[in-house]
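Asker: Okay, handing you the structure first.
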Amino acid sequence: MTTSFNSKKEYKVIGTNPIRHDGYDKVTGRAIYGADVKLPGLVWGEVLRSPYAHAKIISINTSKAENMKGVFSVITSKDIPINNNRDDENISKIQKRILNVNLKRDVDNILANDKVLYKGHPVAAVSATDRNTAKEACKLIEVEYEILEPVKNVDEAIAKNAPILLEDLEADHLGKTVKNTNIAKHFRHELGASDKDFKNSDYVLEKEFNLQMVHQGYIEPHNATAHWDENNHLSLWSSTQGMFAVRDLTAGFLDLPISKVTSNYVEIGGGFGGKTKVYLPPLAAILSKKSGFRPVKMIMDRTSVFQGSGPAPGGKIIVKIGVTNDGKINSGAVDIKLEAGAYPGSAIPAAAVCCLACYNIPNIRVDAYDVLVNKPKSAAYRAPGSPQVSFAVESVIDEICEKMSWDKIDFRIANASKEGTRKPDGVLYHKIGFIETLEAAKNSDHWNSKIDKRNDNKIYGRGLACGYWHNGGNRSTVDLILQDDGNIALNEGSADIGGTRTSISMQVAETLGIPAENIHPSIPDTDKIGFTATTGGSRTTYATGYAGWEAAKKLIEEMKKRVSILWEEPEDQINFDDGKFHSKSSDLEITIEELATKINPTGGPVTSTASVNLSAAGNGFGIGICDLEIDPKTGKTDVTRYTAIQDVGKAIYPQYAEGQIQGGAVQGIGWALNEEYYIEKDGTMANTSFLDYRMPTALDMPNIDVIMVEVANPLHPFGVRGVGEVPIVPPLGAVANAIKDATGIRIYNTPMNPRKILEVIDNA
């Protein structure tokens, strides 16, 4: 049964902006990141990566590297324990311990077995006295390849007689097993009868969109330090959004019990979904064991990050929407083909749900395809799958409004999803705030003001688009300990990449009626806290915060027992409110701080633990309004004003929430205008540095205005909705619609860079 809450509007701690708990360490440089871990006897590891996008590995000769001075060990795929027995029965036995992964595919991604499937695919790894020696040793490894034709996009992948990436793949196509295909999965969501109802539409528009892979752009590269000791215990430190995922996957690859692996928390210099995958820890671990139980450190250089870690998928999307003359959408059909990269598992399940989630459409059909291409295996990137489909759908929505002469916000309001609307997967919405968010956009100063046309030599446009993300729940654990001075030690298992130590502390502080400064959060290793799922999907403030609330309630009940002993009164005669215990039958009163000094004689330390596994979460909606100017001579586009409007449920820490929204908006704008994996004819990426991969900087952006709408999520005690995913979704469509407004011509492909803009201007 799902619990429903009626959250308050005003709080003592929630909604304030205390000094963040991790602020001092990060400002002073005391914070420990993965690259800062230096164990006694540390040696370095390095990876040899494939120069080809698609090739069979004929042979690997490591003898020259092994004999090089300063080299401790060289490994290939045969050194990964799980590869010693890859039969289905053994893999299945190991797989039972690890959910939602394919061990065979994942292990081949971290170290190629018989084929390389993208340029940068690891084929061997070396440990040596120092990093330069390890790099030079990699050059001595002799690999013989049989070069194969690469598959560079979804069209090439599904073409007749296309090269097949995974010959042993048994794909699921609408419940049928299909072999010899690059379509790893095809599934369908269907509501009503969309095909039939298109015939009843007064106007139907169908358009095709193409997008390229993009990178998350985190500053800190992937890294790992591993120490496999003489007791057969493995300790890991890595830049990751999920300590437990690192532990579980590494244990699976190495065929170790998870009790033999400890994953230690370090700070993370950005992730945005890109650090939910495991690349280096298993390699560093094997190198450590083979190097005489020396600890091994590995750090990717920037080129390796681009070539060898997971980007957000590109692909092809076809959108068909039918409307009636009274301004209602009666049918929607979306065909989505996303690039999984070299192995199955793109964001296609989320894309299929998100594509039409903003609108109340009675007849829906979504066909979704997970397509293999010779590029790095894709990974999550803020609201994975949603920006791509939103770009397509919101472009079509705008174009319909233009054809029918309808107001673009009023049309969206008239067709907006609300409580009781079914998403494409058939799930009903709980209470949501999409209409309220649209109304806030309609009433905003930005939407109601004229565009600032500051230069007569430029052309100007304004665009608007909506976005959706379903947010996450899953498993989280929080431990609380009452200290002798009345402060609270808080242990939680979520990696902090968005200020979650503070947002969770604030929820605990609110429950206990004490200042946020009296909470002291920390993130211990995986041996010292209950299982907590990966930080991602905008789940942590929601789910781990919920666990914090549960732990705080338990702590109150335990303290009430101790007060009962002190006062010699029954527990049911004691109330708690705003940090104080009150007697119902007398004037007795005691604060948490006062109680802490008297607690030991009543039974010793007071602690509590709470774990949750939340299946549902509050859905998130956002809107972007974008003004831009274009130089018609060069095609250069500058965003001059952007407003992000989002239903945040309840902003626990408003400054954090605003920062999350601003950051997501900037990333979405970069995706729309400039960013892409530029793939050459041979399947290699040409722009593997931040000099060539054009991300926006502060010099490229105006201040991002933020309007936070608060429609409390009834599934959470404080009304929390995840914040971090939604803001990256609207910018692609908003930028596209603004470019159409400026030029009169619509662009259907990303990035909408100067070359494409000049093409539409010149061909107008």
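The values are calculated or read from the model by the stated rules, or taken from the named source; none is laboratory data. Here the structure is a predicted model, which is why all the values come from computation and not from measurement. Cβ placement follows ideal geometry from the backbone for every residue including glycine, while neighbour counts extend to all protein chains displayed.
Asker: Just need a number here: residues in the range 488-523 that are within 22 Å of the chain's Cα centre (by Cα) and touching a residue at least 60 places away in the same chain (Cβ under 8 Å).
Answerer: So the answer is 10.
Asker: If we only count strands (runs of 3 or more DSSP E) wholly inside the range 74-176, which ones have 3 or more residues that are within 25 Å of SER63 (Cα to Cα)?
Answerer: 122-128, 142-147
Asker: Is there a residue in the range 698-719 that is part of a loop (DSSP other than H, G, I, E, B) and under 18 Å from ILE219 (Cβ atoms)?
Answerer: Yes, the range 698-719 contains at least one residue that is part of a loop (DSSP other than H, G, I, E, B) and under 18 Å from ILE219 (Cβ atoms).
Asker: Another question about this same structure. Would you mind listing the strands (runs of 3 or more DSSP E) fully within the range 210-308 where at least 2 residues are within 20 Å of GLY530 (Cβ to Cβ) and in contact (Cβ under 8 Å) with a residue 24 or more places away in the chain?
Answerer: Correct list: 234-238, 261-264.
Asker: Check every one of the strands (runs of 3 or more DSSP E) wholly within the range 570-659 and list those with 1 or more residues that are in contact with a helix residue (DSSP H, G or I) (Cβ under 6 Å, 6 or more places away or on another chain).
Answerer: 574-577, 580-583, 607-614, 620-630, 637-647
Yes/no per residue for (1) farther than 30 Å from ALA284 by Cα; (2) out of contact with any Gly (no Cβ under 7 Å at 6 or more places or on another chain); (3) among the basic types (Lys, Arg):
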position	(1), (2), (3)
ASP114	no, yes, no
ALA125	no, no, no
CYS138	no, yes, no
ILE141	no, yes, no
GLU167	no, yes, no
LYS185	yes, yes, yes
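Asker: So ALA159 clears everything in (1) surrounded by fewer than 17 Cβ atoms within 10 Å (Cβ to Cβ); (2) in contact (Cβ under 8 Å) with a residue 24 or more places away in the chain except one condition, right? Which one?
Answerer: Of (1) surrounded by fewer than 17 Cβ atoms within 10 Å (Cβ to Cβ); (2) in contact (Cβ under 8 Å) with a residue 24 or more places away in the chain, only one is false for ALA159: (2).
Asker: Working only within the range 456-487, note down all residues that are more than 30 Å from ILE519 (Cβ to Cβ), in contact with a strand residue (DSSP E or B) (Cβ under 7 Å, 6 or more places away or on another chain) and not hydroxyl-bearing (Ser, Thr, Tyr).
Answerer: LYS458, ILE459, GLY461, ARG462, GLY463, LEU464, ALA465, CYS466, GLY467
Residue-wise test of (1) assigned by TED's automatic domain parsing to the domain that holds PRO349; (2) assigned to a loop (DSSP other than H, G, I, E, B); (3) touching a residue at least 40 places away in the same chain (Cβ under 8 Å).
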position: GLN388; (1), (2), (3): yes, no, yes
position: VAL393; (1), (2), (3): yes, no, yes
position: ILE397; (1), (2), (3): yes, no, yes
position: ILE413; (1), (2), (3): yes, no, no
position: GLY420; (1), (2), (3): yes, yes, no
position: PRO424; (1), (2), (3): yes, yes, yes
position: ILE432; (1), (2), (3): yes, yes, yes
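Asker: Considering the range 234-291 alone, what residues qualify as being touching an Asp or Glu at 6+ places or on another chain (Cβ under 6 Å), polar (S, T, N, Q) and within 24 Å of PHE306 (Cβ to Cβ)?
Answerer: Result: SER239, single match.
Asker: Please tell me if ASN763 is in contact with a Cys (Cβ under 9 Å, 6 or more places away or on another chain) and either surrounded by fewer than 19 Cβ atoms within 10 Å (Cβ to Cβ) or on the phi < 0 side of the Ramachandran plot (or both).
Answerer: no
Asker: Another one. Can you tell me which residue among ILE497, ILE488 is modelled with pLDDT under 95 and β-branched (Val, Ile, Thr)?
Answerer: The conditions single out ILE497.
Asker: Among the candidates VAL107, VAL101, VAL126, single out the residue that is buried (at least 16 other Cβ atoms within 10 Å of the Cβ), out of contact with any Pro (no Cβ under 7 Å at 6 or more places or on another chain) and farther than 19 Å from ARG247 by Cα.
Answerer: The conditions single out VAL126.
Asker: Go through the range 442-557 and tell me which strands (runs of 3 or more DSSP E), entirely inside it, have 3 or more residues that are surrounded by fewer than 19 Cβ atoms within 10 Å (Cβ to Cβ) and touching a Phe, Trp or Tyr at 6+ places or on another chain (Cβ under 6 Å).
Answerer: Filter on the range 442-557 gives an empty set.
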